[in-house]
Amino acid sequence: MTARRPRAAGPLLWLFAALALVHLGALLCGVSAVAQFTKPALMPVLTGYALARGGPPLLAGALLFGCGGDTFLQIGGDLAFLVGMGSFAAGHVCYLLLFVRHGTAPGGGRPGRMPALAAGYGAVLVVTVVLLWPDLPAELRIPVAGYSLLLTAMAFGALRAGWPAALGGLLFLLSDTLIASGIAHWPQLPLPQFWIMFTYAAAQWALAEGVLRKLADAARRPAPRPAPALPGAGVR
């Protein structure tokens, strides 16, 4: 699969940006009807942009699973939250597969950096789960811990797809940590939904852009030349 830039891609990206701005503006102004309408529309439009750029089916799946998560989290209630979290988890699996197939070694392939980066992401995971655990509802502790492990693995894997994806992974970590802190009834920033959605929308765009750039770089690389045949090769 090769990344391309047909004419449809630009308008779709602008439409995604416009929807995101309208959604964030509705959150700032407290216009809940507009916010609820625009939230589930964000990822399908970003999916259209990714497909117009030649993005693979796994990338479309990652983004559309995000749409499922957005929709169920908007419903409210523990069951809808768990289903939404499961949908996001499926999206993270899609991203992980993409990073393995199309990415390069984390840390620029330097053996000394990879363990340090893994340790850093692992420490963030452990500290976050340990701090949240006592304040989470008992029935959500194990699901949130398991999801956090998968989310952190995705964010670490995003290092394979260049700086946009790496930034997207970190923003996704931040966005979901803000959600978890709200479930744990920790003190919140002013307008918490605004910051959750701001970091989330930026994260999904950055992750998609990282994958698309990796595909474009791979498409520009010259194909390896076949090895010259040895004298007498193929002759018995």
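The values are calculated or read from the model by the stated rules, or taken from the named source; none is laboratory data. On a predicted model such as this, the values are computed, not experimentally measured, just so you know. Neighbour counts run over all protein chains shown; Cβ positions are idealised from the backbone, glycine included. Areas reflect the complete protein model, heavy atoms only, side chains present, ligands, DNA and RNA absent. Shrake-Rupley method; radii C 1.70, N 1.55, O 1.52, S 1.80 Å.
Some points to look at:
- Each residue of the range 127-141 was assigned a 3J(HN,Hα) from its phi angle through the Karplus expression (A = 6.51, B = -1.76, C = 1.60, θ = phi - 60°), giving 5, 5, 5, 4, 6, 6, 3, x, 9, 7, x, 4, 6, 9, 4 Hz with x at Gly and Pro.
- Rounded Å value of the spacing that divides the Cα centres of the range 176-221 and the range 10-84: 12 Å
- Accessible surface of the chain [probe 1.4 Å, protein heavy atoms]: carbon and sulfur percent: 72 percent
- Hz values of 3J(HN,Hα) by residue in the range 63-77 - Karplus curve (6.51, -1.76, 1.60), Gly and Pro given as x: 6, 6, 5, x, 4, x, x, 4, 5, 6, 5, 6, 5, x, x
- Accessible surface calculations at 1.4 Å, restricted to protein heavy atoms, place the chain at 53 Å² per residue.
- In Hz, Karplus ³J(HN,Hα) per residue of the range 82-93 (6.51, -1.76, 1.60; θ = phi - 60°; x = Gly, Pro): 5, 5, x, 5, x, 5, 4, 4, 4, x, 5, 4
- Computed magnitude of the charge dipole of the range 60-163 (debye, nearest 20; Cβ of K, R +1, Cβ of D, E -1): 580 debye
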